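Below is one structure, written out as structure tokens; the observations come after it.
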Amino acid sequence: LMTASDCYVRLWLPSASNGKLRTKTIRNSDNPVWNETFYFRIQREVEVLKKKRKCHHFE
């Protein structure tokens, strides 16, 4: 017999200044669902690069 797991997710962005974040642990769940919001501080230089890297698809 298999038992349900204690599930969580670790979030990390290499360029974010606030480090690693983690969801709440959902205990004894076969199908965990998280409804959480996380905010990362992104350096201005990364924001500019992100905007420049937008791709456009034309048909």
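The values are calculated or read from the model by the stated rules, or taken from the named source; none is laboratory data. In this text, all values refer to a predicted model and were calculated from it rather than measured experimentally. Ideal geometry is used to build each Cβ from the backbone, glycine not excepted, and the neighbour counts take in all protein chains shown.
I'd like the residue in the range 10-24 that is among the hydroxyl-bearing types (Ser, Thr, Tyr) and surrounded by 12 or more Cβ atoms within 10 Å (Cβ to Cβ) and, out of all such residues, is modelled with the lowest pLDDT.
The qualifying residue modelled with the lowest pLDDT is Ser15.
Out of the residues in the range 32-52 meeting the condition of being in contact with a strand residue (DSSP E or B) (Cβ under 7 Å, 6 or more places away or on another chain) and either of a type in the set (Ser, Thr, Tyr) or under 16 Å from Ser17 (Cβ atoms) (or both), tell me which one is modelled with the highest pLDDT.
Phe38
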